[in-house]
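Colleague: The following block contains the structure, expressed as structure tokens.
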Amino acid sequence: MSATLPKACVIGHPIGHSRSPLIHGHWLREHGLAGAYEKVDVAPDDLGAFVTSLAERGYVGANVTVPHKEAVIPHIVHLGDTAAALDAANTLWLNVDGELCGDNTDVAGFLGNLDEGAPGWDARAEVALVLGAGGAAKAVVYSLLTRGVQRVLISNRSFSRAEALAERFRGASNGRVEAAPWQDIGKVLPQTKLLVNATSLGMFGQDRLVIDLTGLPVNAVVNDIVYVPLETELLAQARSRGILGVDGLGMLLHQAVPGFERWFGVLPRVTPKLREHIASDVLRHYPGN
């Protein structure tokens, strides 16, 4: 591997949808760096062999996306605190001894996006409602707890999954996390100051997210981690009521920052130019946005 041409990649299965090469390619050009970032389709059975031979393959590190974020954990020698807490990693790198290190930057991405789109949100979000109980919801709940949100409600169409996720955090959060039945969302909206959609509902090609925001306070914040389409029905409904809405594209951009700095030695910034670059690609592929 050439010392002057560091190379990183994103791995998943499938991987064709990933916009990570556009993000990192933009930063490489912006900073005039000699480097490369690729996307590689890695089947589940090949995951271990791939990530434990990054150096031999010419890579200084990698991003990890579905379905590998949890499966990659056993192959990491040095695991960061956030990845350990979530049992999921999305960023890999090699230390000076060539050992595989990993952490999870989804938390930094989620919080960075909210801080940018709704400055001061954490000072008024005493109660947050998180829709979903999968990996994304797990990262969101963990993020909210680290920022001191006093009460986090988790609602999922499968109540048992919401209960399981709440139970995961209940001890460490001193009871601040609770499960709320999906059919009771309307009852908890009046006390909610931050609503986060951490499901795939509303995403292009997925089922609609059917929810009535009538009871949500006008000074609340609505965040949809979905970014295809850029303007989801949830965000459109919130904004029609004068409620601040934050889309999910910024989470994708902010979560990429730590990896780029580790691999290429420069701390990049999430700028309007970068956002426009990625948003244009989304619009080009999904003109219905």
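Colleague: Could you please find all residues in the range 117-164 being open to solvent by 10 Å² or more (accessible area, probe 1.4 Å) and touching a strand residue (DSSP E or B) at 6+ places or on another chain (Cβ under 8 Å)?
Modeller: GLY117, GLU126, VAL127, ALA133, LEU145, GLN150, ARG151, ASN156, PHE159, GLU163
Colleague: Name the residue, out of THR91, THR65, that is within 18 Å of ALA133 (Cα to Cα) and β-branched (Val, Ile, Thr).
Modeller: Residue meeting the stated conditions: THR65.
Colleague: Here's another thing I want to ask about it. Go through the range 165-181 and give me each residue that's open to solvent by 60 Å² or more (accessible area, probe 1.4 Å) and of a type outside the set (D, E, K, R).
Modeller: Matches in the range 165-181: GLY171, ALA172, ASN174.
Colleague: Which one of these is hydroxyl-bearing (Ser, Thr, Tyr), touching a Phe, Trp or Tyr at 6+ places or on another chain (Cβ under 8 Å) and without any contact (Cβ under 8 Å) to a residue 60 or more places away in the chain: SER160, SER155?
Modeller: Working: SER160 fails: touching a Phe, Trp or Tyr at 6+ places or on another chain (Cβ under 8 Å).
Going through SER160, SER155 in turn, just one is hydroxyl-bearing (Ser, Thr, Tyr), touching a Phe, Trp or Tyr at 6+ places or on another chain (Cβ under 8 Å) and without any contact (Cβ under 8 Å) to a residue 60 or more places away in the chain: SER155.
Colleague: Taking LEU209 as meeting all but one of (1) open to solvent by less than 40 Å² (accessible area, probe 1.4 Å); (2) more than 23 Å from SER155 (Cα to Cα); (3) at pLDDT 95 or above, write down the number of the exception.
Modeller: Condition not satisfied by LEU209: (2).
Colleague: Do you know which of the residues in the range 39-89 that are touching a Lys or Arg at 6+ places or on another chain (Cβ under 8 Å) and not small (Gly, Ala, Ser) is farthest from GLY16 (Cα to Cα)?
Modeller: So the first thing to find is which residues in the range 39-89 are touching a Lys or Arg at 6+ places or on another chain (Cβ under 8 Å), and the list is 50, 58-61, 86, 88-89.
Then keep just the ones that are not small (Gly, Ala, Ser); that gives 50, 59-60, 86.
Details: PHE50: 18, TYR59: 19, VAL60: 21, LEU86: 26 Å.
Among residues in the range 39-89 that are touching a Lys or Arg at 6+ places or on another chain (Cβ under 8 Å) and not small (Gly, Ala, Ser), the one farthest from GLY16 (Cα to Cα) is LEU86.
Colleague: Since SER53 meets every condition but one in (1) surrounded by 15 or more Cβ atoms within 10 Å (Cβ to Cβ); (2) free of Cβ contacts under 8 Å to residues at least 40 places away in the same chain, which condition does it not meet?
Modeller: Among (1) surrounded by 15 or more Cβ atoms within 10 Å (Cβ to Cβ); (2) free of Cβ contacts under 8 Å to residues at least 40 places away in the same chain, SER53 violates only (1).
Colleague: Here's another thing I want to ask about it. If you take the residues of the range 56-80 that are part of a strand (DSSP E or B) and open to solvent by 40 Å² or more (accessible area, probe 1.4 Å), which of them is farthest from ALA164 (Cα to Cα)? Before you say what the answer is, go through the steps one by one.
Modeller: Of the residues in the range 56-80, the ones part of a strand (DSSP E or B) are 61-64, 78-79.
Now drop any that are not open to solvent by 40 Å² or more (accessible area, probe 1.4 Å), which leaves 78-79.
On the way: HIS78: 28, LEU79: 24 Å.
The extreme case among them is HIS78.
Colleague: Another one. Condition test on ALA108, is it among the small types (Gly, Ala, Ser), part of a helix (DSSP H, G or I), out of contact with any strand residue (DSSP E or B) (no Cβ under 8 Å at 6 or more places or on another chain) and free of Cβ contacts under 8 Å to residues at least 24 places away in the same chain? It would help to see each step written out before you state the result.
Modeller: Details: among the small types (Gly, Ala, Ser): yes; part of a helix (DSSP H, G or I): yes; out of contact with any strand residue (DSSP E or B) (no Cβ under 8 Å at 6 or more places or on another chain): yes; free of Cβ contacts under 8 Å to residues at least 24 places away in the same chain: no.
In short, no.
Colleague: Sticking with this one: Hey, could you check the range 240-276 for residues that are open to solvent by 70 Å² or more (accessible area, probe 1.4 Å) and assigned to a loop (DSSP other than H, G, I, E, B) and say which is nearest to ASP115 (Cα to Cα)?
Modeller: ARG269
Colleague: Is at least one residue of the range 222-231 of a type outside the set (D, E, K, R), crowded, with 21+ Cβ neighbours inside 10 Å, free of Cβ contacts under 8 Å to residues at least 40 places away in the same chain and touching a strand residue (DSSP E or B) at 6+ places or on another chain (Cβ under 9 Å)?
Modeller: Checked the range 222-231: at least one residue is of a type outside the set (D, E, K, R), crowded, with 21+ Cβ neighbours inside 10 Å, free of Cβ contacts under 8 Å to residues at least 40 places away in the same chain and touching a strand residue (DSSP E or B) at 6+ places or on another chain (Cβ under 9 Å).
Colleague: Sticking with this structure for a sec: Which is touching a residue at least 12 places away in the same chain (Cβ under 8 Å), touching a strand residue (DSSP E or B) at 6+ places or on another chain (Cβ under 6 Å), open to solvent by less than 50 Å² (accessible area, probe 1.4 Å) and hydrophobic (A, V, I, L, M, F, W, C), of ALA43, ALA83? Walk me through how you get there before you give the answer.
Modeller: On the way: ALA43 fails: touching a strand residue (DSSP E or B) at 6+ places or on another chain (Cβ under 6 Å).
Unique residue meeting the criteria: ALA83.
The values are calculated or read from the model by the stated rules, or taken from the named source; none is laboratory data. Treat the numbers as computed from the prediction; the structure is a model and nothing was measured. Reconstructed Cβ throughout: ideal geometry from the backbone, glycine too, with neighbour counts over all protein chains shown. Accessible surface is based on the protein model in full, side chains and every heavy atom, while ligands, DNA and RNA are left aside. Shrake-Rupley method; radii C 1.70, N 1.55, O 1.52, S 1.80 Å.
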